[in-house]
Amino acid sequence: MSRHGYNEGDGGSDGHELSFGRWRAQVASATRGKRGQAFFVALVQALDALPEKSLVKGELQTSEGAVCALGALARHKGIDVSSLDTEDHASLGVTFNIASQLAQETMFENDEARGPGGATGEIRWQRVRDWAVRQLTAATLLDLRAGQGETLEALNAILANRAKQEAQP
């Protein structure tokens, strides 16, 4: 099993459809909530702050210093990841002040290659950043525009990226 804890059969035809539906609802609720929205704003900022726009798969930080999405956020916030266990989802939730389901979803988005072009670190960075931007609600974007917790420059970058994504077929 991967660090995100998702299995190939999750949501399949083996009688777990209801459980899968409840799980997706928990992820959606965590995403839309105040802590989830603050998490996504901070995640976009952390990804943008990386000197090298690339993410690794399967670990928070490599011995060379490369990071995954949660590792980027930890670095941005000054959190030491050396003692964190990526399979202890509850602990990750506490560390990042999010629901454990959102920590798992973030690791899934980071680790599982989707889309054209394979899974280079640079493609992974762009895919995860695009995903994080798509999670921002209209209310969060309006709050950011009003200057509540975000600089206008960072908001404009988020909005420009979101507009670019929505314009793509």
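Just a few scattered comments:
- Residue check for Thr62: farther than 24 Å from Glu122 by Cα, modelled with pLDDT of 95 or more and either crowded, with 16+ Cβ neighbours inside 10 Å or of a type in the set (Val, Ile, Thr) (or both): no
- Single residue of Ala154, Ala160 found to be at pLDDT below 70 and in a helix (DSSP H, G or I): Ala154
- Entry remark, region 127-146: residues being farther than 29 Å from Val56 by Cα and β-branched (Val, Ile, Thr) number 0 in total.
- Matching helices (runs of 4 or more DSSP H) fully within region 65-149 where at least 1 residues are polar (S, T, N, Q) and modelled with pLDDT of 90 or more: 89-96, 100-111, 121-134
Residue by residue, here is whether (1) over 22 Å from Ala38 (Cβ atoms); (2) in contact (Cβ under 8 Å) with a residue 12 or more places away in the chain; (3) touching a Lys or Arg at 6+ places or on another chain (Cβ under 7 Å) holds:
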residue	(1), (2), (3)
Gln61	yes, yes, no
Ala72	no, yes, no
Asp80	no, no, no
Leu84	no, yes, no
His89	no, yes, no
Thr95	no, yes, no
Ala99	no, yes, no
Leu102	no, yes, no
Thr120	yes, yes, no
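- Residues that are in contact (Cβ under 8 Å) with a residue 40 or more places away in the chain and among the aliphatic types (A, V, I, L, M) within region 35-59 comprise Ala38, Val41, Leu43, Val44, Leu47, Leu50, Leu55, Val56, listed in sequence order.
- Within region 67-110, the residues that satisfy the criterion of being among the charged types (D, E, K, R) and either closer than 17 Å to Val27 by Cα or surrounded by fewer than 17 Cβ atoms within 10 Å (Cβ to Cβ) (or both) are Lys77, Asp80, Asp85, Glu87, Asp88, Glu105, Glu109.
The values are calculated or read from the model by the stated rules, or taken from the named source; none is laboratory data. Just so you know, these numbers come straight off a predicted model, no measurement behind them. For neighbour counting, all protein chains shown are included, and Cβ atoms are generated from backbone atoms with ideal geometry for every residue, glycine included.
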